[in-house]
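Q: Below are the structure tokens for one structure; questions will follow.
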Amino acid sequence: MKDMILFPEDIERLDGILLPLTVKAKLLMAVLINRDGRIITFQGSLEKVDMQSFAALVAGATASTLAIANIVGETEFSAMYHQGKERNIYIDALDDNTFLSVIFDGQTNIDRVKVFVRQFERELKAALFAVYNKSEDQVDLDLGFVNDSFQAFQAGTSEVYESGDKVQPSGDDAPPQGSQDAYQYLFNKRKKQLPGR
């Protein structure tokens, strides 16, 4: 699996493709998942869905489907469709690293979903290619913010540093106390700031 470094502008570009796909195909949710079972980004929502478990299980299902394909003499099955009583899932392998998983209900049908997935597939692949193929000089990591925030978390304070200023967030924006995962907090915070969330 290729390494991936996601910046807010990458998420924004991917979301800018997923949002119209979700609306036009009348999807409940569209999720980009890498082969490791991690969520890259998503649009739409479902109540009471553990997104991390969903992503991990989609990756596992596609891995077992690959094994089935090999048994029957295929190199892969590029798409899967699971039909439920009320909700359905369609999974499309966009490249060697990424799956698009869409969830839909009776507002649409599998044929409509496939048509719109094909329509947006080229854009998604191009955006993902750009993410996976960044050169070293395109990646400028300013880790000072992360390091300062992580040190504040380890010290058990609620201070985080943004642009050199100390900020003391509260409520939903408050960082976890103690030695929680600062990176995950920062990722979630930045994701909230993007349009479509």
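The values are calculated or read from the model by the stated rules, or taken from the named source; none is laboratory data. Quick caveat, the model's predicted, so the values are computed rather than measured. Reconstructed Cβ throughout: ideal geometry from the backbone, glycine too, with neighbour counts over all protein chains shown.
Q: Based on what the data block shows, is Leu6 part of a loop (DSSP other than H, G, I, E, B), within 12 Å of the chain's Cα centre (by Cα) and at pLDDT below 90?
A: yes
Q: Here is a further query. Do you know which residues across segment 100-129 are within 18 Å of Leu19 (Cβ to Cβ) and either under 13 Å from the mean Cα position of the chain (by Cα) or among the small types (Gly, Ala, Ser) (or both)?
A: Result: Leu100, Ser101, Val102, Leu124, Ala126, Ala127, Leu128.
Q: Hey, another quick one. Output the residues belonging to segment 46-74 that are among the hydroxyl-bearing types (Ser, Thr, Tyr) and surrounded by 12 or more Cβ atoms within 10 Å (Cβ to Cβ). Lay out the reasoning, then the answer.
A: At the first step, the residues of segment 46-74 found to be among the hydroxyl-bearing types (Ser, Thr, Tyr) are 53, 62, 64-65.
Those that are among the hydroxyl-bearing types (Ser, Thr, Tyr) and surrounded by 12 or more Cβ atoms within 10 Å (Cβ to Cβ): Thr62, Thr65.
Q: Another question, then. Quick one: would you say Val113 is modelled with pLDDT of 55 or more, part of a helix (DSSP H, G or I), touching an Asp or Glu at 6+ places or on another chain (Cβ under 8 Å) and under 24 Å from Ala56 (Cα atoms)? Show your work before the answer.
A: Numbers: modelled with pLDDT of 55 or more: yes; part of a helix (DSSP H, G or I): yes; touching an Asp or Glu at 6+ places or on another chain (Cβ under 8 Å): no; under 24 Å from Ala56 (Cα atoms): yes.
Here the answer is no, as Val113 does not meet what is asked.
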